[in-house]
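Bear in mind that the values in this text are calculations on the coordinates, not laboratory data. Just so we're clear, the structure is a prediction, and the values are computed from it rather than from any experiment. Here Cβ is always computed from backbone atoms with ideal geometry, including for glycine, and neighbour counts include all displayed protein chains.
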Amino acid sequence: MAENTLVIVESAAKAKTIGKFLGRNYRVKASVGHIRDLPKSKLGIDVSNNFEPQYITIRGKGELLKEIKNEAKKSSRVLLATDPDREGEAIAWHLQQFIKIPDGSKCRIEFNEITAEAIKKAIKNSRPVDINLVNAQQARRVLDRLVGYNLSPLLWSKVRKGLSAGRVQSVVVRVICDREKEIQNFQPEEYWTIEVILSKDGKSRFNANLISYRGRKLAIKNELDQVKATEYLKGASFILKTLEKKEKRLKPKPPFTTSTMQQEASRRLGFSPSRTMRIAQELYEGLELGKKGAVGLITYLRTDSTRIASSAQIDAIDFIKSQFGSTFAPHTPNEYKSRKSAQDAHEAIRPSEATRTPDSIKAHLSRDQHRLYKLIWERFIASQMAAARYDTVKAEISAGDYGLRASSSQLKFPGYKRVYNDEEDEVKNPIPDMSSGHTLQLEEILPEQHFTQPPPRYADASLVKFLEERNIGRPSTYAPIIETIIKRSYVERQNKQFVPTELGYIVVDLLTQHFSSIVDIDFTAKMEEELDLIEEGQMNWKEVIKDFYVPFNADLEKAQDLIEKVEIKDEDAGKECPQCGKPMVIKHGRFGKFIACSGFPDCRHTESINEEAGVNCPLCQGQILALKSKKGRRYYGCSNYPGCSFRSWNKPTGEKCPVCGDAMVEKYSKRQVQSICQNPECKHLGKTSEDIGTH
């Protein structure tokens, strides 16, 4: 064992956890993130000197760095144990330069999980700092700085002060704006479906759907065609053509990557990407588990791989056999393919110990920590289990010129669903056993009118999924990007969906007209691919910057003269100033919209905007207002506050729950709105979107 070794990590929580696993000859210090960065007050990139970054020590880190340097002088060896990604490698590189560790020294250790075994193995396998990883991080940092520090001042001068533009954030705003335009331009089209209830000799009723006409796929586009088909079916003979029975196997989904974890945490737990990443970081760095002390509960949270270490697979399968029986374990360990664009640098996100069940540590975790850990643990254990098996039946039925199909599915063996039920089991429409040629009895015909729906607005989960599929940014950057575009008032969250603001449209239109590559999805994806090639040592990072900057700078010079000042007119607030009598107007500030006197600066009277929600308070019949929290999240409150204490994240329907008397609120899903009691102990379900007329 090495004597007098200093181990440097990024966070105090991580230092505490790692320190528990190392002996007296090791001391663990935290750098508290980056120690050097580009200056905030200027560009900080010497464009004329081949884009050389001008790093400075981060303000406030002086005492900490002095302490680290003194500890390093007293140590015979220094190990840099920052996070195992580009960002962590860059921090290690800056530390190496600061402490003056010779280039090529085996001072870098990395581990995917914070456990005693992983830490000790990492120390035995120390390596030099990987300069290719460092260069990939530098390239991203310099690219983002060149875009942000050149475009943002342009927006300040042409649109409004305080705006920002980013290499990836601008594309994300465009994606949201484009979807909103799709929705606005959408023209609904009428179509009909016809469901038929049949029976075998008057018993064993089941449903079949009309699917074809004279062997071709059927599309019923209006009521006239529906009536024609319905009248024909009333006089037709329904003959069973084929009855096919099969066993369907449903394989478990792979363990989480960063992106899929953010998506599922949003769908199942209602977490934003930033909330998910913050909690996952806590689980990774380690939490106090009573007498066991600080323990790292999950593997590294920034990964695009679905790969699992063979030792972890074996532990999971042994646990599955002991808890559920050998039939729930696969014959050979389940393997999963990562996406083509995946860097595959780390394992998938999994618990550091398969046997550490969520219930066994619940008392030591916060509610959010427990919920996310439970989601990660269940997904991982399920990923190593046997497939679920269904008995399926498909019946093809002829009715003269028309063809119908009936299908049913019955869960036969739950497999991985015993742990992680990712979709509802289909236990519907049992089809009786029959032979081909059997004549079926018509019981009822159920025609139904529909209209095509516009694409839904993006929510956290669907936006993250789209960004990953199109290779825009990296999953670890999604959370800060989403927070930034909300903070800058380019988009708003409404009912957990993203809606662009007028300002968002203005900025996207301006950038599209004058900097088309900046908001081009394919161009942004290409930049990500080049960053990956820099990491692999196949491209020179400064050449990549130069190829980008030369045309970008030319566009910038043109835009300064071509773009005219955009004037965003203040909206009339519809009321007079209570102090001077002049009209009040709606203005935009750093924290969103507010009402101000049009007589500014002579009169400085302002008010917050209280948007009426159009329903009365279910408790006191006062007016319900749509308000915003400090973080920009919309919530609803009574205008009679503080006399009435009603507050809700969900819009109230104006009705009381018939069961417990609490307020009924709207709960949004992908395609409808459900009225639900806000009392968590009641959760009485009321009307759906068609009834309350809000979708």
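Quick look at the numbers
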item	result
Region 263-381: relative contact order in percent, alpha carbon pairs under 8 Å with at least 6 residues between	31 percent
Rg(Cα)/(2.2 N^0.38 Å) for region 148-212, N = residue count	2.47
Convex hull (Cα only) mean projected area of region 263-381, reported in nm² to one decimal	8.1 nm²
Region 5-129, Rg to Rh (Cα coordinates; Rh as Kirkwood inverse mean 1/r)	0.99
Largest-first ellipsoid semi-axes for region 232-275, taking √(5λ) over the Cα gyration tensor eigenvalues, angstrom	46, 18, 6
Region 70-205 - Rg over Rh from alpha carbon coordinates, Kirkwood radius	1.36
Spin-label model distance (nm) - Asp602 vs Ser645, 7 Å beyond Cα toward Cβ	4.6 nm
Length gained when the stretch Arg249-Asn4 is fully extended (0.36 nm per residue, less Cα-Cα span)	82.6 nm
Inter-probe distance in nm under a simple model that places probes 7 Å from Cα toward Cβ, at Cys580 and Asn125	7.1 nm
Partner lysines for Lys526 [C-alpha distance under 21 Å; skip if fewer than 8 residues away on the same chain]	Lys340, Lys465, Lys542, Lys546
Between 0 and 90°, nearest 10: helix 131-158 axis offset from the chain longest Cα axis	80 degrees
Paramagnetic label zone (point 7 Å from Cα along Cα-to-C-beta, Glu182; backbone N under 17 Å) in region 465-487	465-472
Using a Förster distance of 56 Å, the FRET efficiency for Cys620-Lys203 (Cβ separation, nearest 0.05)	0.50
Folded to 0 to 90 degrees: helix 223-234 orientation relative to the chain principal axis, Cα	50 degrees
Mean projected area (nm²) of the alpha-carbon convex hull when region 559-620 is viewed from all directions	7.2 nm²
Kirkwood-Stokes translational diffusion coefficient of region 483-614, alpha-carbon pairs, 37 °C, 0.692 mPa s, µm²/s	176 µm²/s
Fewest-first ranking of Ile381, Ile568, Ile194, Ile609, using other Cβ atoms within 10 Å as the exposure measure	Ile568, Ile609, Ile194, Ile381
Packing-based exposure ordering (other Cβ within 10 Å, fewest first) of Thr17, Thr452, Thr57, Thr524	Thr452, Thr57, Thr524, Thr17
Segments 612-618, 558-564 sorted - mean Cβ within 10 Å per residue, highest first	612-618, 558-564
Sites Lys234 and Glu190 - FRET efficiency at Förster radius 22 Å, r taken between beta-carbons, to 0.05	0.45
Full-extension gain in nm, Asp522 to Ser398, via 0.36 nm per residue minus C-alpha separation	39.8 nm
Highest average packing first - 330-338, 168-176, 493-501, 94-102, Cβ atoms within 10 Å	168-176, 493-501, 94-102, 330-338
Hits among lysines - C-alpha to C-alpha of Lys29 under 16 Å, sequence gap 8 or more where chains match	Lys14, Lys16, Lys20, Lys61, Lys66, Lys69, Lys73, Lys74
Listed peptides 150-157, 285-292 by packing density, highest first (mean Cβ within 10 Å)	150-157, 285-292
Projected label distance in nm at Thr512 and Ser366, using a 7 Å step from Cα toward the beta-carbon	4.0 nm
Cα extents of the chain along the three principal axes, largest first (Å)	93, 78, 56
Calculated over region 178-264: convex hull of Cα atoms, volume per residue (Å³)	223 Å³
Footprinting exposure proxy for Glu182, Glu378, Glu63 (fewest neighbouring C-beta atoms within 10 Å first)	Glu63, Glu182, Glu378
Rel. contact order, % - alpha carbon contacts under 8 angstrom, at least six apart, the chain	13 percent
Spatial separation of Cα centroids for region 1-42 and region 540-593, in angstrom	42 Å
The chain: angle of helix 169-185 to the longest principal axis, Cα-based, in degrees nearest 10	20 degrees
